[in-house]
Structure formats: structure tokens, C-alpha cells
Amino acid sequence: MTETATQWESGAPAGSSGRVAHGCVLLAAAVPGMLFVPVFGLPALALPIGVLVLAGYLVVELAIRVPAVAPWRPLLILLLGLVGLVETALWSTTSTGVPTAATWQALSTGLTESWQRTLQSTWPAQPDPELLLFVPLAVLAAVLVGVELLNRVRWPLVAMVPGLLVLGLSQAYVALSGLGALLAGLVFAVLVAVLLAVTRPSARGAGSDRLGRRTLITLVLVAPTLLLAVVGGVALGALDVTGKDPYSLRRFAPPPIPPARVASPLDEVPARLSDPDVEVFRYTSDQPVDRWRMVALEQFDGAAWQPTNEYRRMGTELRPPPSVTVGLEQRSAHVTMERRTDPWLPSQQLLAGVRGAKPNVDEAAGTLWLSDRTGPTTYDLSWWEPTIDGVTLGGTGIDSTAIDGSGDLGAVPPGVRDVAIAASGDKRPSFQTALAINEYLSTNYHVARDKLPTGNGWQQLSRFLLKTKVGTSEQFAAAYVLLARIIGIPARVAVGFRSPKPDADGTVVVHNSDVFAWPEVAVAGVGWVPLDPSGAASGTSGGETSGLAEATAQARENLPPPEELEDPKLPEDEQEAAASGTGGSFPWLLVAIVVAGLAVLGVVGIPLTKAVRGWLRRRTLGPRGVVNAWAEARDRLRSAGVPFTVGMTVRDLATTAGPLVDGSVVSGLQQLALSLDRALWSGGTHLRATNAEAWNAVRMVRRGLAKRPLLARLRGALNPWTLLSPRA
């Protein structure tokens, strides 16, 4: 056997075709790695993955030029790839490029833990080796295994499997949809097609037959990939069927650290007020800041409030949530904490980024957690501030999906529901209703000045609401949230500090005396809007307000009297649904997409399935291969409308088909009948030649049927019944 033939049998062609084939395998490993761009960003991935592809190609080229190197190819790819990773992704752990113990420790961590730490982070994640390294390591494994499979396995397509595995891993982290999915599918399909094209055999006997097989495999892979990418991309882009985010492994990632058991900041409000002169932090900001949050509390069991503690490692930046649709402007501040007594850092609701510290973050609550309490902490904070006017805000509805457990109230004491109804005017939930409850508490209840009450469970809050009507911001905020939840308004308690007047140099120093708690209400399109039933934040920031605080103040000024409040109008589609007694409009778009997808699947899938069946039949050798040729000719004639019954022989079918088809079809059937006789009754002689003759006869039948009118051929190609075996 010649050298070229030997290489073909092992899967890898020689010369320039071999280089192109290896290039396809290398790119098939690299492209899925680049699909992690939404997780780490392009700059962090491009260099290490590019170096791995280059290392793989250099080793392949060396093995082609020096055949003695081929047995050492896997080891060389591994060593050169690891060197490339060390010099790109792990340079900070080396000593001027020379690996150290920290380098090997980082490689070990990257192999065993980086995949999980990435799931525990916000995205885009920090491009640290302890998070990033699992991606280039997966690409390196795909490069090494893919190259070896291409050179050792007969079927070149097997070499694409490692790249497909990396592709599956990337989609488990962040699934593509729409145009991105279409482009990724197209790129991978093109790589498969090019690989099949360059690995076709040279002209050797059955060369043309094998080329046809590879062409068919290309169609089998490319057509479904493009079809599913187009239909799936359009469907997911046009309609969110489930109303949930795409599947991601992040849903099952545990928090990076279990939050330590510390006292709730809400419980510490009275203690801070009793020691008012202690400095908590100081900051400088480009614009006035109304208040600073430390923690948001959503869970209530009747006795105590707890945060959700859904913390993640802080990535490079945070983007506004999709639920916020109003305009946003970015703000920033420089914060310094000389003395830290708890793990929370001063923060804002819609965080954008943190520089100078590496805290964990609860994105939904806008909470920063830094467990290391030693020494002062200094960082730069940036956040998004909604821009909306007071009139628009006052007419906005609430976001009923903001808190899953907003109905958790514990055992509501008698009389509290009556307070909730009186405060809301017995109106449906809206932001105006939320403001009405705020005004009710501000008007009918008073802030404690001397003896400060404590506690925020039902026992203390029922006494505050029904008897004393005197409390600190702790009781005002907790009582407000429970009254709002009783009537269906999603609300939560936030604890932090108001902003006092700045010093002459612009620095704002926050003390214990500035501590207060406030309620927040989820408003559709805006996010969490802070309120102030106790008035504890009034007069802050030197009397200056801006952004959401200013819009909320305007909405309070424009609030109608309680007796003039009106129920919010339902959207037109909900009005029609209520009038007709239905739960919503019929999903015509979804039905249209499904019908269109099924139609396209039928147009492509039926002919494709017939082609695959024919290819599988043709691969069979011996007498069974001749019988398969008879079955292929029979099914093609059935698709053409020629009557067939079980029990017909080849000659019977030729007689029946004579008046209906071209004469070459009858000639092909007669030749097929002779081949079938020799295969079944000759005792096993000349079977290879008989098999070739049978399939040449099928080719004559196919060419004769191709002379029919175009419409008749289309009808036959799309006839699904001939996919089933004929029955009596």
C-alpha cells in the first residue's frame, strides 16, 4: 500500500490537504472556546486560545516535515501548549517568564476549581487565572485529542468530536440564540464541510463513490445545523415562551462563601442611634447622593428579617437588569471605611462596578459583602441611576414579579389588615397606592425622639401600628413593607445611611447618627424605588436631591388626596381577556413559528432521510447489498406513483412500470433482476461485481425517473409514505 493510501486509511491526507484538515480540527477546538466571550470578554480569551492553536499547528507542521516526530506529537502539543498558557494567562505567577511554584498551583486550581469559581461570579468575570484557566485548558485538550483522532481514526469526522464537547460546555455556561447561534452553527458547519472536502480519497477505484458519501454526510450535517439555527434563533429572538432566562449551569452554582452569622443591620439601628458620633465611612461623589444601602431584607418569618444572601464574586462590571427600561445615567463615588465592624460595604441599588476591592455582590439587592474585616477599605463605586420625571413615575404600575416570596407574612395579627386597607384606600396595587401608604404612615405615626423602641417582628410592629404609633425608622420601614405586601405590592426593607451635608472640601462624612431604614417598592420598568415614611432622609445632601429621589419627591407632591385615588386601569389586552372570560390572547406567533418550522423540517427532512437511507443501503456488501439495491429501486418507483404490492418480483415491477416511466427505467430493472438472481443463486461467486452491477442498475432507474416533470419529481421527493416498508 502506498504512503498516500496509508494516510487515507488513518484519516489524514498528505500535503496541503493534510494541513487544511488539521487547520479545520484546530479551529473546531478554538471557535467553541471563543464562545466564552460573554463570560470573560474578548481580550482575555483571544491571546491564550490563539497561542494554543498556533502551538498545535507548529507541532503538526513539524510532524509532517519530520515523520520521526509523529509518535511524539501528543506530548509536544501538550508541552508547547502549557508553555503558551504560562506565558500568556499565567505570566503574573512566573519569575520573568520562568514558572514558579505559584504557576503550578495556578494550573492545578485552573484544572480543578476554575470552572466552578466562574459559575460563582458575575459576568463578565474578572480575567484572573483562578477563573479563566479552564477554558484554554479545555481548548488544549480538544486540540490534542482532535489532532490525534484525525491521524489515527479512519473517519475524519470523529476528530471534530472534541470541539463539539467544548461547544457543549460553552453553551452550558451561556447559551447563544438568534444571530449568534446562527453564525456559530454556520462556522462549525463550514469547518465540517471543508474537512470532508479535503479528506476525500484520491482517484482509486471506489473514489467517486466515497466522494458521494462524503458529500451526503456534509448535507446531513450542514442542513440540520443551519435549519435548527435559523428556526431556533428566530423563535427565541421573537418570543420568550417560558418567561425565564436560558438554561445555564450558574443556576446550580453554590455561593462563593457561606455568609457568616452576623447581627442584622436592622436590629442594630437603635444601638447606632444611641452612639451617634462614631464615623462609619466617608465619600466624595460627582453628584449628590440621597442615601447609601448596606443590606436589603426580603425574607420575613414573623419574628425577624433576613437577606437573600445570593452572593457572587464581583466581575469586571454589572449591566442594568432587562426589567429596567427607563433611561439610566452612570454615577460614581470614592468611598473610604477606616473602621469596619461588619462585612457589608456601602453600596447602591443598580451597581455598575467596583474598583479597588474584590467583594462579593448580591446583584438583585445591590449589596456588597467583604468578609475580610482587617484594616481600612477604600474603593471606587459606580452605579446606574434611573432618569424619570415625577409625573411619569407617579402613573407607573408595580412589578408584581420582583419578589417570589412577597406573600410570606407569617401570622398577621388581628387589626393589621384593616390598617392596610385604610392606608391604601382599598385600591388595587400601583405606585400611587404605594405612595398613599407612605403618606398614611407619615401623617398618622410619629418618629421616636427620646426612648427608642426596638424590634421588627409582628409583636413589636402590631404594637406600633395599633397602639403606640411611635417608632424609629426601623419600625416605619418594616411596618410599611408588611402593609404593602398585604395588599399585593412587592416591597422590601433596606438598611443604610442617609447622606449628611458635605464638608467644605466636598467630602461627606457619614456617622452612626445617619443610620436609618426605609422601604423599597418594585416599580415596573424602573426597578426598586426607595420611599421614606419616617422622613429620616429629608434634608440630606445639603438639601439637594437628584435622579430617582427627586422624581419620587415630585410624585409625592402630585399625589391626589386619598379619597380621589383611582384604581389603575388594566391594559387593553387584559380588559379584553377579562370581558371575554379568557386568561389571555391566543399565542398566534408561537403557533405560526411551530407550523413554519415543521413545514421546513418536512421539506428538508423527508428528502434528507431518503438520501441517508439510500447511503446506508449502498454501504452493505454481499447478497444483502444486492437485495438493498432492489429495495432502493422499489421505493423510488413507489415515490414516482408506480403501483406495487407485496410479493411482486423485480420483473413484475418492470412490467407494471413500463407504461408509466421512461424505457431506461425498465432496462435498469431488468438488469437488476439478473444481478439479484446471480447474488441469490450463484453460490457466492463474483459477489463484488454483482453488487456493483446492481447499484449501476439502480443508477439507471434513478436517471430515468429524473426525466419526469419537475412537479412530479418534487411530489415524489416529499412523499413520506415511501419511508415505510410496503405492506400487504
Which residue is modelled with the lowest pLDDT, if the candidates are limited to the stretch 394-426 and must be more than 39 Å from the chain's Cα centre (by Cα) and closer than 19 Å to residue 552 by Cβ? 424
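This table checks each residue for (1) closer than 25 Å to residue 317 by Cα; (2) surrounded by fewer than 21 Cβ atoms within 10 Å (Cβ to Cβ).
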{"position": "340", "(1), (2)": "yes, yes"}
{"position": "343", "(1), (2)": "yes, yes"}
{"position": "349", "(1), (2)": "yes, no"}
{"position": "352", "(1), (2)": "yes, yes"}
{"position": "355", "(1), (2)": "yes, yes"}
{"position": "367", "(1), (2)": "yes, no"}
{"position": "390", "(1), (2)": "no, yes"}
{"position": "418", "(1), (2)": "no, yes"}
{"position": "448", "(1), (2)": "no, yes"}
Going through the stretch 472-504 one residue at a time, which ones are assigned to a helix (DSSP H, G or I) and polar (S, T, N, Q)? 473, 475
In the stretch 6-54, how many are in contact with a Lys or Arg (Cβ under 7 Å, 6 or more places away or on another chain) and either assigned to a helix (DSSP H, G or I) or modelled with pLDDT of 95 or more (or both)? 2
Per the list (1) over 24 Å from the mean Cα position of the chain (by Cα); (2) in a helix (DSSP H, G or I), residue check on residue 154 breaks on (2)
Considering only the stretch 650-659, I want to know if a residue exists there that is touching a residue at least 40 places away in the same chain (Cβ under 8 Å) and either crowded, with 16+ Cβ neighbours inside 10 Å or out of contact with any Ser or Thr (no Cβ under 8 Å at 6 or more places or on another chain) (or both). no
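Go through the stretch 82-143 and tell me which helices (runs of 4 or more DSSP H), entirely inside it, have 1 or more residues that are more than 27 Å from residue 359 (Cβ to Cβ). Show your work before the answer.
Details: elements: 101-112, 114-119, 129-132.
It comes to 101-112.
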Leading residue by the ranking (modelled with the highest pLDDT) among those in the stretch 265-286 that are surrounded by 17 or more Cβ atoms within 10 Å (Cβ to Cβ) and either assigned to a loop (DSSP other than H, G, I, E, B) or hydroxyl-bearing (Ser, Thr, Tyr) (or both): 283
Would you pick out the residues in the stretch 268-313 that are closer than 29 Å to residue 551 by Cβ, among the charged types (D, E, K, R) and within 31 Å of the chain's Cα centre (by Cα)? 293, 298, 310
Subset of the stretch 60-112 (residues that are crowded, with 16+ Cβ neighbours inside 10 Å, of a type outside the set (Ser, Thr, Tyr) and without any contact (Cβ under 8 Å) to a residue 24 or more places away in the chain): 63, 76, 86, 99
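In the list 466, 461, 441, which residue meets the criterion of being in a helix (DSSP H, G or I) and in contact with a Phe, Trp or Tyr (Cβ under 8 Å, 6 or more places away or on another chain)?
After applying the criteria, what remains is 441.
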Among the numbered criteria (1) over 19 Å from residue 46 (Cβ atoms); (2) in the same structural domain as residue 60 (by TED's automatic domain parsing); (3) at pLDDT below 90, which single criterion is violated by residue 129? (1)
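The values are calculated or read from the model by the stated rules, or taken from the named source; none is laboratory data. Everything numeric in this text was worked out from a predicted model, so none of it was measured. Heads up, the Cβs are rebuilt from the backbone with ideal geometry, glycines too, and the neighbour counts pull from every protein chain shown.
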